[in-house]
Amino acid sequence: MPPLRTALLQSSGQPGDVAANLKVLDEAAARAAATGAGLLVAPEMFVTGYAIGDDVARLAEPADGDWADAVADIAERHRLAIAYGYPERDGDRVYNAAQLIGADGARLLGYRKTHLYGGFETDSFTPGDQPVVQAELGGLRVGLMVCYDVEFPENVRAHALAGTQLLLVPTALMHPAEIVAESVVPVRAFENQIYIAYANRTGPEGEFEFVGLSALAGPDGTARARAGRGEELVVGDVDPEFLASSREANPYLRDRRPGLYTSLARARA
C-alpha cells in the first residue's frame, strides 16, 4: 500500500469571512494536489474563524449545509480529501466540529469536540459525546478529533485501540502552550504507534495568539513535517509499511495490561 501524502494548511484565513476562507482552502488544495497529496488538513474553526464571538451562533451551519457542499466541490475538483473545522448547528445546539470530505466529494466523517477549552468555548459550544469516529481513506483507518482533545491520553489511546492509523487534528493552539505542538503531539504518536496530522492556526486573533508549529508526527515520535510560526503549507507522507515495522519494534499496544488500569477510569475529586 503506497504512502498517503498529507498536507497541513497552517492559516487563520480571514476571521468572520467565510467566502475568503473557502478561497484560501481552494488555493491550498490546488497547491497540495500539485505535490501529489491525497489529503489536506485545515485548522480548527477554519471556515468561519475562531475568535468571532457571537458570530459563532449566527454563522453555524448543519454538517450537510452550504459549507460542506463548497468543500466537497473543492475536494472533487482537486481530487484530494479535505478535513476542516467549523461551527456545526444541530437544532438549538452549536458544536465545535470537524469534518472529513473524500476526494469524490462524499462526506466521510463528522466529529464534535468532546473536551472544550476555556471560557469562550464552554460559553459558545455544546461538548460532543462520541470520542472515536473513523473512516477508510487511502487504505488507512483514519480518525478525527479537535485540538484540546489530543491532550488527553485516554482519547488518543481509545483511537489506537480501535485501530486508527492516522489521526487528524484540526487545532487552534495558543501561546504559551507551544509544548503541545513541540512535544505532546509527537509523544502521543509514539506511545500509541500512530500518525497524527496536527494543523494549527497562526498569529493574533482577538484575544488569542496562535502559535503555528503544525506537524505530521510519526509513530517514531518525530515530526515527519513541521511548520514554523507563519502562514504555511507543509507536506509529509503517512507510510503504512513504516507504521507496521514501528509497531513491531514498539509493542506498547500489545504489551498493555488493562486489568491494572481500571482505577484510571474512576472519577476522583
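If I filter the range 128-139 for residues that are more than 26 Å from Ala72 (Cα to Cα), among the hydrophobic types (A, V, I, L, M, F, W, C) and under 13 Å from the mean Cα position of the chain (by Cα), do I get at least one hit? No, the range 128-139 contains no residue that is more than 26 Å from Ala72 (Cα to Cα), among the hydrophobic types (A, V, I, L, M, F, W, C) and under 13 Å from the mean Cα position of the chain (by Cα). Across the range 184-214, which residue is farthest from Leu25 (Cα to Cα) among those that are of a type in the set (A, V, I, L, M), open to solvent by 10 Å² or more (accessible area, probe 1.4 Å) and not in a loop (DSSP other than H, G, I, E, B)? Looking at residues that are of a type in the set (A, V, I, L, M), open to solvent by 10 Å² or more (accessible area, probe 1.4 Å) and not in a loop (DSSP other than H, G, I, E, B), I get Val187.
Taken together, the criteria place Leu173 among residues that are touching a residue at least 40 places away in the same chain (Cβ under 8 Å) and touching a Cys at 6+ places or on another chain (Cβ under 9 Å).
Take the residues of the range 126-183 that are assigned to a strand (DSSP E or B) and farther than 30 Å from Asp92 by Cβ: which is most open to solvent (accessible area, probe 1.4 Å)?
Among residues in the range 126-183 that are assigned to a strand (DSSP E or B) and farther than 30 Å from Asp92 by Cβ, the one most open to solvent (accessible area, probe 1.4 Å) is Glu136.
In the range 1-10, of all residues being in contact with a helix residue (DSSP H, G or I) (Cβ under 6 Å, 6 or more places away or on another chain) and at pLDDT 95 or above, the one that is surrounded by the fewest Cβ atoms within 10 Å (Cβ to Cβ) corresponds to Ala7. Scanning the range 245-260 for residues that are surrounded by 14 or more Cβ atoms within 10 Å (Cβ to Cβ) and of a type in the set (A, V, I, L, M) gives a single hit, Leu253.
The values are calculated or read from the model by the stated rules, or taken from the named source; none is laboratory data. As the structure is a prediction and not an experimental result, all values here were calculated from the model. Using ideal geometry, Cβ is built from the backbone for each residue, glycine included, and neighbour counts are taken over all protein chains shown. To get the accessible areas, we keep the full protein, side chains included, count just its heavy atoms, and leave off ligands, DNA and RNA. Shrake-Rupley method; radii C 1.70, N 1.55, O 1.52, S 1.80 Å.
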